[in-house]
Amino acid sequence: MTGDVQVVAAVKGAGEVGGGCHIFSGCGYPAPGLQDFDFKPMFTVGSFGFTKPMLIAVLCAVAVIGFFWAAFSRPKLVPRGVQNIGEMAILAVRDQVLRPALGRKGDGYLPLLVSMFFFIYLMNLMELIPFFQFPAMSRIGFVWPLVAVVYILYLYLGFKNQGGWGYLRNMIPSGVPAFVLIILVPIELLRFFIVQPFTLGVRLFANMFAGHLLLTIFYLATWYMLSLSVGLLYAVGSAFMVLFVFLLELLVDLLQAFIFTTLTATYIASSLEAEH
């Protein structure tokens with residue numbers, strides 16, 4: 001979200017003539033849209049503008065690094081406090097994401113998956129935290145760099161471990177009739193090189209974009225219909241939807257971080273060993 005103060009200001013600005021933008025004040029509903037994902041720079045350095053989503057990304061990166069640094073800078077044999085929480089977080093990613101896809105041999109990729117999971121999760125969670133109230137992953141520009149890291153990594157590991165020709169050959173199922181290969185080969189190559197990275201990024205972006213838009217719609221609708229009249233009834237219903245979407249987004253934020261990290265582990269596994 002862009003913040004309650006910003007929402008109220010935007011709504012009031014839209015209904016200045018009616019003395020406040022409410023359902024019976026004569027102004028129309030100020031429908032949210034792409035403008036709710038656009039931010040003016042907080043400051044500029046030459047042609048570069050530093051925006052609120054950038055601030056959120058920096059703070060999330062610092063928070064993840066700072067937390068694990070505090071947890072493991074001086075590890076103790078018997079963990080306590082923040083180290084205990086840190087170990088629980090790492091074990092959760094290891095047992096629920098890494099081991100099912102890669103087994104014990106993939107433990108070397110645990111730092112990557114842990115940092116990726118908690119960075120994405122925290123970035124998503126920012127949409128529900130007061131003042132920030134915006135999921136930076138709803139801006140596609142923050143998603144593509146993560147996708148690029150995964151894409152380059154799994155292609156590099158595939159060519160390194162299976163060889164150039166072997167990696168390409170293993171993308172195609174064995175024992176398929178020759179006439180089917182005419183269709184299957186371009187489909188499989190398209191899947192590995194285009195579809196996998198595209199869907200990996202769009203899935204995360206689209207879910208966070210839609211969730212933020214829904215929250216904005218019901219926040220604004222609650223304010224718009226709030227009045228000492230029958231509109232109060234609709235405002236209560238809209239407020240209930242705010243609570244419902246808020247709780248739903250708590251789940252979606254975690255789920256999208258889990259899906260992105262799990263798919264990353266799966267793609268790495270397919271590069272280390274042939275799928276077919």
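Each listed q (0.14, 0.15 Å⁻¹) maps to a log10 I(q)/I(0) for the chain, found by the Debye formula over equal Cα scatterers with no solvent: -1.05, -1.13. To the nearest ten degrees, helix 4-14 and the longest principal axis of the Cα atoms of the chain are 60 degrees apart. Working from Cα pairs under 8 Å separated by at least six residues, relative contact order for the chain is 26 percent. Overall, segment 84-162 carries a charge dipole of about 280 debye about its Cα centre when +1 sits on the Cβ of Lys and Arg and -1 on the Cβ of Asp and Glu, all other atoms neutral.
On C-alpha positions alone, give me the angle between the axis of helix 178-190 and the longest principal axis of the chain, in degrees, nearest 10. The two axes meet at around 50 degrees.
Length available on full extension from L77 to L248: 0.36 nm per residue minus the Cα-Cα distance, which gives 57.7 nm. A protection proxy built from the mean count of other Cβ atoms within 10 Å ranks the segments 175-186, 209-220, most packed first, as 209-220, 175-186. At a probe radius of 1.4 angstrom, the accessible area of segment 155-276 per residue rounds to 52 square angstrom. Equivalent ellipsoid of segment 114-264: semi-axes from √(5λ) of the C-alpha gyration tensor, largest first, are 44, 18, 10 Å. Helix 231-272 and the long axis of the chain differ in direction by around 10°, with both axes built from C-alpha atoms.
Per-residue ellipticity at 222 nm computed for the chain from its helices equals -22000 deg cm²/dmol, with DSSP H segments shorter than 4 residues left out and the rest contributing -39,500 (n - 2.57).
For the chain, lysine pairs with C-alpha atoms less than 30 angstrom apart, excluding pairs fewer than eight positions apart on the same chain, total 5. What is the distance in Å between the Cα centroid of segment 44-107 and that of segment 209-266? Result: 27 Å between the Cα centres.
The eigenvalues of the Cα gyration tensor, multiplied by 5 and square-rooted, give segment 175-258 an equivalent ellipsoid with semi-axes of 46, 12, 10 Å from largest to smallest.
Considering only protein heavy atoms and a probe of 1.4 Å, how much of the accessible area of the chain is carbon and sulfur, as a whole percent?
On the chain, the fraction of accessible area on carbon and sulfur atoms equals 73 percent.
In terms of its C-alpha gyration tensor, segment 36-119 has a prolate overall shape, because the principal axis ratio a/c (a ≥ b ≥ c, square roots of the eigenvalues) is not below 1.5 and a/b outweighs b/c. Once the other residues with Cβ under 15 Å from the Cβ of F39 are scored (Lys, Arg +1; Asp, Glu -1), what is the net sum? The answer is 0.
With every protein chain left in place, what is the accessible area per residue of segment 58-112 in square angstrom, probe 1.4 Å?
66
The values are calculated or read from the model by the stated rules, or taken from the named source; none is laboratory data. Please read all numbers here as calculations on a predicted model, not as lab measurements. Because the Cβ atoms are built from the backbone with ideal geometry, glycine has one as well, and the counts that use them run over all protein chains shown. Note: accessible area is taken over every heavy atom of the protein model, side chains too, but ligands, DNA and RNA are not part of it. Shrake-Rupley method; radii C 1.70, N 1.55, O 1.52, S 1.80 Å.
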